[in-house]
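Data block below; observations after.
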Amino acid sequence: MNHRSVINAESAGAAPSPARKRSLLLRLIRSAQPMTRTELASRLEIDKSTVTENIKPLIAEGLIREETQEGEGRKARVLSFVNDRDYFIGLNLGVRRSQVGLISLNGEIEEEVDFETPSTATFALRMARERIESIYRNNPDKQLRVIGVSVPGMTDASRSELVYAPNLGWDNVQIADKLKVNESVKVIVENDSTAAAMYEARVRIRRTEEGLMSNFILVRSGTGIGVGLVIGGEVFRGSGSGIGIAGEFGHMTIVAGGKPCVCGNRGCWEKYASAASAATLYLGDRPPGRGESVPRFVEIVSKAENGDNRSRRSLEKIGDYLGIGIANVIMGIGVPRVIISGRLVYGWQFIKDPMFEAIRRSIVGKFEGWSVEAGEPVGSAIGGALEVAVEEFLTTL
Ligand SMILES: [Zn+2]
């Protein structure tokens, strides 16, 4: 791949169709509300009449409200979603811990419960369902629209089941059927890196200097490593089989004959650059001694902050391996912008310099147009699952 094709991929987003314009319009209102019709038209580069045409039925339905905002100088009519009518539930099934949360269309997480993920899928889904039902019972006056589920693995084409989650050791788990609290509520199951990518895309719409058509690779590093991809503002799940590329990069070989991995291979990227790999780097591949427990990632970060050299070196090593993998992913996909999500972000200050150095060293042709930034850890947890639910709802309006 030459430099020019990387740059071309940056502007690969096609011109939006009418349905897509509507979806972008709703996404923009949700991310940057309250907004005037004029602001919406100018951000989307469409006519104000197109905005009005799309918004009118939603105002009539009571989903969007338009009200007068008293600003400095003149009054403006602004649009926002009606917040107290619909709600969404998210479930993030994590390898160690899981969360269930509630969100309204305004995007504020209103409730969140956290529990240790049971080792079997049956128990995990039973615990999740109890928590979902409790939220459902406690909100009889509002309408539950969609339940979004993020999982650390591949989903099927209809996004209703988990096909394979190596770090959980689960395969072919029917999730949607098990979590449906009533027939009118849709359940959408999404890969956790893709869910985190959706979350980060919305965060970037809110920042007005960035467009709705952003292109980036999301690298989620927690217990494992997963990759999500956003092209032209939309997540890309792969084509044909419906099983996306997401999740697969964690198992690319980065050290020949390296450490054995749960996937059956050796030397996988996630054995060297996930947040979980910090503990083995810290312990130097020996089992914990008597009275010594396997340190958690945040404990290693906190030790490094207090000047502990072994902790700092472990995090720097992760940065190095992370950078080598990122250079491969950038050149492989042809998108030069990367956002890091997941627990690893907590150690960003120690990881980033060795990571930048490794990318500079290993990227093909010393290509310089790349960037890597830290995302928000919540996007890789409950934030992503909730985003999946709300996005699904917006596409059906
Ligand atoms: Zn592996």
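With the simple spin-label model, which puts each label point 7 Å out from Cα in the Cβ direction, the Leu397 to Asp47 separation comes to 2.2 nm.
One quarter of the convex hull surface built on the alpha carbon atoms of region 213-377 amounts to 10.6 nm², the projected area averaged over directions.
Just report the Cα centroid separation between region 18-73 and region 320-366, whole Å. Between the Cα centres of region 18-73 and region 320-366 lies a distance of 37 Å. Computed from the alpha carbon atoms alone, the convex hull of region 115-226 holds 141 Å³ per residue. In plain terms, the bigger the Kirkwood radius, the slower the diffusion; for region 14-81, with that radius from Cα pairs, at 10 °C and 1.306 mPa s, Stokes-Einstein puts D at 129 µm²/s. Net charge within 13 Å of Phe115 by Cβ-Cβ distance, Lys/Arg positive one each and Asp/Glu negative one each, not counting Phe115 itself? Net charge around Phe115: +1. Distance between the pseudo-spin-label points of Asp141 and Glu376 (7 Å out from Cα toward the beta carbon): 2.7 nm.
Basic side chains Lys and Arg get +1 at the Cβ, acidic Asp and Glu get -1 at the Cβ, and with that the dipole of region 92-184 about its Cα centre reaches some 120 debye.
For the pair Glu61 and Ala256, label points projected 7 Å from Cα toward Cβ lie 5.8 nm apart. Computed over Cα pairs, the Kirkwood radius of the chain leads via Stokes-Einstein (0.692 mPa s, 37 °C) to a diffusion coefficient of 148 µm² per second.
When Rg and the Kirkwood radius Rh are both evaluated on Cα atoms of region 338-392, their ratio Rg/Rh stands at 1.12.
Counting only residues at least eight positions apart within a chain, or on another chain, the lysines with an alpha carbon under 27 Å from that of Lys303 are Lys259, Lys271, Lys317, Lys352.
We did not get these values from a lab; they are worked out from the coordinates using the rules stated. Note that the structure is a prediction, hence the values are computed from the model and not measured. Virtual Cβ from ideal backbone geometry, glycine too; neighbours counted across all protein chains shown.
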